[in-house]
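In what follows, a single structure is set out as structure tokens and then discussed.
The values are calculated or read from the model by the stated rules, or taken from the named source; none is laboratory data. Just so it is clear, the model here is predicted, and its values are computed rather than measured. Here the Cβ positions follow ideal geometry from the backbone for every residue, glycine too, while neighbour counts run over all protein chains shown. Each accessible area value is taken on the protein alone, full model and side chains, heavy atoms only, with ligands, DNA and RNA left out. Shrake-Rupley method; radii C 1.70, N 1.55, O 1.52, S 1.80 Å.
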Amino acid sequence: MENSEEIWRLVDAKKSPFEALSDRIWGMPELQYAEHRSVAEHARELERENFRITRNLADIPTAVMGEAGEGGPVIAFLGEYDALPGLSQEAGVAEPRPLPGEGAGHGCGHNLLGAAALLAAAAAKDWLARNQVAGRVRYYGCPAEEGGAAKAFLVRAGAFADVDIAITWHPSAFCEVAEAVSLANTRIDFSFKGRASHAAAAPHLGRSALDAVELMNVGVNYMREHMPSDARIHYAMLDGGGIAPNVVQATAKVRYLIRARELTDLTRLIERVKKIAQGAALMTEAAVDMKVISAVSNLLGNRPLEEAMHECWERLGPPPFDDLDRGFARKIQATLSDEDISTAFRRVGIVRDDAAPLCRQIVPLDSQRVPMVGSTDVGDVSWVVPTVQAHCATYAIGTPGHSWQLTAQGKTPAARKGVVHVAKVMSATAVAAFASETLIARAKADLVARTKNHPYVCPIPANVKPPLDMAAA
């Protein structure tokens with residue numbers, strides 16, 4: 001208890017520059033692998049806090065790591081700062097109002113994520129120094145979580161090889177230890193090459209690459225009936241072969257995002273999709289090339305760390321939101337559907353409370369949740385390092401992820417309170433590990449048990465490099 005109270009005071013004493021960092025990152029939204037200004041801002045904060053800095057991790061220019069302390073166990077805090085396309089939005093306004101510019105926005109709250117993780121690392125660093133405890137704190141600035149799988153590339157490069165535990169978080173509508181459920185996934189580009197011809201005068205001479213893409217999409221859609229119910233497949237056209245309908249399209253490209261609950265299921269599903277692509281090429285007499293862009297593993301839980309973090313949540317309680325915070329949250333909720341709000345409560349297993357537009361309780365560790373599952377490259381870290389993740393309330397209950405409403409709430413006083421609050425939880429979890437002789441050992445034993453029969457294999461082929469031009473694609 002005393003350790004927690006001390007670390008919370010350290011967080012409060014240091015919070016202002018990190019609240020400002022979050023706001024600056026919100027104002028410079030950059031897409032995956034193009035976060036050059038954002039990583040520079042994080043590196044400046046690391047320098048100001050006297051961390052030893054390593055840049056260009058895994059040959060990724062927008063990845064950075066800062067370390068402080070000596071000897072002892074190594075505890076890593078994972079931060080992110082990439083934005084999303086098409087989610088530009090004026091801050092603090094409860095109506096769609098895109099800002100001028102290229103249209104990107106922090107519709108997943110990663111401006112908050114990176115700032116809070118770095119604040120937690122800085123406070124834990126100070127705690128080690130004040131208490132003369134052997135140990136090292138690291139902050140990993142991780143780009144391209146939104147589809148770029150940067151952490152998977154970092155894991156493959158050995159960036160976490162000597163880390164004892166990893167701690168991270170994500171903005172949310174509720175405060176909880178995040179349930180370790182996610183989908184493994186891969187992104188694959190299927191490029192078809194046919195033969196151009198005049199679509200009216202000589203159609204028999206053409207071989208349509210666009211037809212091949214359409215046939216592939218039809219085949220995959222029929223396959224959906226015969227795949228695991230928790231798997232997901234999505235696709236996006238990258239190249240339709242041009243805008244002239246009187247030319248048989250000689251090239252076409254489609255990107256597939258394939259997801260499954262386990263890596264083994266994902267591998268099987270990928271092979272089935274590849275066969276469909278080959279079938280589409282055969283039917284149209286086109287050639288097909290398949291290129292893996294990125295891939296991530298499913299999350300693994302860690303019960304000892306989850307229990308330790310939940311104890312910190314129970315002592316700290318929810319963020320200190322006030323009437324102004326709740327007032328703006330109600331304005332945001334007025335833009336949502338009734339289903340949006342009901343679904344949010346159902347996801348965490350809590351009875352709906354219309355009097356609470358913002359979180360006012362800690363979700364029980366074993367709440368009967370109804371998972372609605374996405375993917376994250378934190379999954380790959382969790383296969384090689386005992387990992388725990390918090391969710392902390394920063395926005396109105398019911399706010400959809402990847403929405404203008406979420407972008408609009410990224411600079412509010414409520415969001416800043418969430419940044420400081422979750423930094424306290426994460427740093428207190430780290431202090432519990434530094435102060436305990438057994439917690440880290442139990443966390444490692446838990447990971448060994450989970451991976452005993454299925455050791456980690458990176459889902460990204462060895463010859464695939466980080467797609468640094470992904471944002472341009």
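For Thr343, the conditions (1) closer than 30 Å to Ala150 by Cβ; (2) open to solvent by less than 40 Å² (accessible area, probe 1.4 Å); (3) assigned to a loop (DSSP other than H, G, I, E, B) are fulfilled apart from (3).
Out of everything in the stretch 11-35 that is among the hydroxyl-bearing types (Ser, Thr, Tyr) and within 23 Å of the chain's Cα centre (by Cα), what residue ends up being surrounded by the fewest Cβ atoms within 10 Å (Cβ to Cβ)? Applying the filter and picking the extreme gives Tyr33. Residue pairs whose Cβ atoms lie under 9 Å apart, separated by 6 or more positions or on different chains, with the first residue in the stretch 231-245 and within 19 Å of Asp265 (Cβ to Cβ) and the second at pLDDT below 95 and open to solvent by 60 Å² or more (accessible area, probe 1.4 Å), are Ala231/Arg261. Annotation note: of His391, His402, the sole residue that is within 26 Å of Leu87 (Cβ to Cβ) and crowded, with 20+ Cβ neighbours inside 10 Å is His391. I'd like to know if the stretch 132-149 contains one or more residues that are under 19 Å from Ala415 (Cα atoms) and polar (S, T, N, Q). No, every residue in the stretch 132-149 fails to be under 19 Å from Ala415 (Cα atoms) and polar (S, T, N, Q).
For the stretch 70-87, the set of residues classified as in contact with a Phe, Trp or Tyr (Cβ under 8 Å, 6 or more places away or on another chain) and either open to solvent by 30 Å² or more (accessible area, probe 1.4 Å) or among the hydroxyl-bearing types (Ser, Thr, Tyr) (or both) consists of Gly72, Pro73, listed by residue number. Restrict the check to the stretch 143-160 and report whether at least one residue is part of a loop (DSSP other than H, G, I, E, B) and charged (D, E, K, R). Looking through the stretch 143-160, at least one residue is part of a loop (DSSP other than H, G, I, E, B) and charged (D, E, K, R). Going residue by residue through the stretch 371-381, is there one that turns out to be open to solvent by less than 30 Å² (accessible area, probe 1.4 Å) and of a type in the set (A, V, I, L, M)? The answer is yes; a qualifying residue exists.
All conditions in (1) in a loop (DSSP other than H, G, I, E, B); (2) within 30 Å of Cys458 (Cα to Cα); (3) among the polar types (S, T, N, Q) hold for Ser294, with the sole exception of (1).
Taking the stretch 402-440 as the range and being among the polar types (S, T, N, Q) and not in a helix (DSSP H, G or I) as the test, the residues that pass are Ser403, Gln409, Thr412, Ser436, Thr438.
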